[in-house]
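**Q** Have a look at this one.
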Amino acid sequence: MVESDWGDWLPRAIEDADPDGVAIWYLGCNGFVLKGSGGTTLFIDPYLESGNPPRTIRMIPVPFDPEEIAEADAILGTHEHTDHIDGPSQAPILAGTGATMYAPDDSLGVVEDEGWTDEWAIEESQLEEVEEGEEFEVGEFTIHVEHSNDPDATHPVSYVIEHDAGTVFHAGDSKPSEEFADIGREYDIDLGILAFGTVGMVGEGDEASRTRWYSDENEVIEAANDLRIDRLLPSHWDMWKGLTADPKVLHHHARSFDYPRRLEISEIGDRVDL
C-alpha cells in the first residue's frame, strides 16, 4: 500500500491546472506528468514506493497516493526496472482512470508476472505494447517511440512527445547513444529529460557494491548536445541514497557546448511549462 508524505495537494494542483501549452511536473526519480492545454494528461514512469531498504533507500517524499489520481489518459513506461514499472504505483492509476499503459514488451512482462489484471480492476485492452519506430496519439499529443541506451535494462525505450506548444524528450535511464544524433536531427526538442547521478555504494555493510546506474556530468551533456536539446531537465539525481548528485554542476559542463541552451533544474513537485 502506497502512502504519500504530501497528501493530495499535487494531484489537485495538476487537476486544477489550465496550461496555455504544456505543463510538466517532476515527480522525483524519473517520474513526470504532462498536461496539455486541451486537458490530456500523461504520466511517465511514476514511482511511489520507498525502494528496497537497505539496498535502495528513497531520499525524497512520496508525492501522492496513486488512488488520488482522478484524471489520466496514459502512462508511458520506459523500461522494466521497479522504479519505472511498479504495480502499487501505477495499477491504481489505470484502474481509477481507465488510462492506457504504453510500454515495451519486457515492461509488460512485469505487468503480467505481477498479475496487475488479477489484483486491480484493469482490462487487457488498457495495456499496449510499443517498440522503437512506432508512433501513436493520445489526445492532443503525438508520441514517437525511440531508442534508449540503458545497459542495465533488457528492453528500454525513449519517448518523443510532440504538442503544438513544443516537443519533450524522455530518455528513461539512457546513457549517451549513437542514435541520439539522429534523434536530434529529426526532432526539434524543446525540453529534454536525462537521468543523472553519481557513482556510489548501494547497500549496507558487506552487501554494499559500487554502482553506476546513470550518466555522469560529462555523459549527460554529451547526450544533450547530440540531441540538440534547448532546455535540459536532469532527473533521477535526487532518488537513491549513495547515488544522489548536484545538478547545478551541469552549468559548468554545459557552458562550452552548443546544447543545451539552458538548464531547467527542478525538484520534486516543481512545474515547468512549454
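Read-outs throughout are calculated quantities, based only on the coordinates presented, and are distinct from any laboratory measurement. What you see is a predicted model; the values in this text were computed from it and never measured. Cβ coordinates were reconstructed from backbone atoms using ideal geometry, including for glycine residues, and neighbour counts include every protein chain displayed.
**Q** Which shape class, rounded, prolate or oblate, goes with region 1-79 when its Cα gyration tensor gives a ≥ b ≥ c as root eigenvalues, a/c under 1.5 marks rounded, and past that a/b bigger than b/c marks prolate?
**A** Verdict is prolate for region 1-79.
**Q** Also, I was wondering about something else. Output needed for the chain: three equivalent-ellipsoid semi-axes, defined as square roots of 5 times the C-alpha gyration tensor eigenvalues, in descending order, whole Å.
**A** Semi-axes (√(5λ), whole Å): 25, 23, 18.
**Q** At 222 nm, what helix-only mean residue ellipticity would the chain give, in deg cm²/dmol to the nearest 500, using -39500 (n - 2.57) for each DSSP H run of four or more?
**A** Value at 222 nm, helices only: -5500 deg cm²/dmol.
**Q** Can you tell me how much longer the chain between residue 271 and residue 105 gets when fully stretched, taken as 0.36 nm per residue apart minus their C-alpha distance, in nm with one decimal?
**A** 56.7 nm
**Q** Report ³J(HN,Hα) in whole Hz for each residue of region 263-273, in order, from the Karplus equation J = 6.51 cos²θ - 1.76 cosθ + 1.60 where θ = phi - 60°; Gly and Pro get x.
**A** Coupling constants for region 263-273: 9, 10, 7, 10, 10, 3, x, 6, 10, 10, 10 Hz.
**Q** Calculated FRET efficiency, residue 252 and residue 206, Cβ-Cβ r, R0 41 Å, to nearest 0.05?
**A** 0.65
**Q** Still on this structure, please answer the following. Please give the contour-minus-distance gain from residue 135 to residue 188: 0.36 nm per residue of separation, less the Cα-Cα distance, rounded to one decimal in nm.
**A** Value of the extension gain: 17.4 nm.
**Q** In a shell of Cβ-Cβ distance under 13 Å around residue 229, excluding residue 229 itself, what net charge do Lys and Arg (+1) and Asp and Glu (-1) give?
**A** -2
**Q** Find how much the distance from residue 199 to residue 142 grows on full extension, using 0.36 nm per residue of separation minus their present alpha carbon separation; answer in nm with one decimal.
**A** Gain on extension, residue 199 to residue 142, equals 17.0 nm.
**Q** Rounded to whole Å, give me the distance from the Cα center of region 78-157 to that of region 220-266.
**A** 26 Å
**Q** Collect residues whose amide H, placed 1.01 Å from N in the peptide plane, falls under 5 Å from the amide H of residue 167; neighbours closer than 5 in sequence don't count.
**A** Under 5 Å from the amide H of residue 167: 190, 191.
**Q** If you plug each phi of region 16-23 into the Karplus form 6.51 cos²θ - 1.76 cosθ + 1.60 with θ = phi - 60°, what whole-Hz ³J(HN,Hα) values come out, in order, with x for Gly and Pro?
**A** With coefficients 6.51, -1.76 and 1.60, one gets 7, 5, 10, x, 6, x, 10, 9 Hz.
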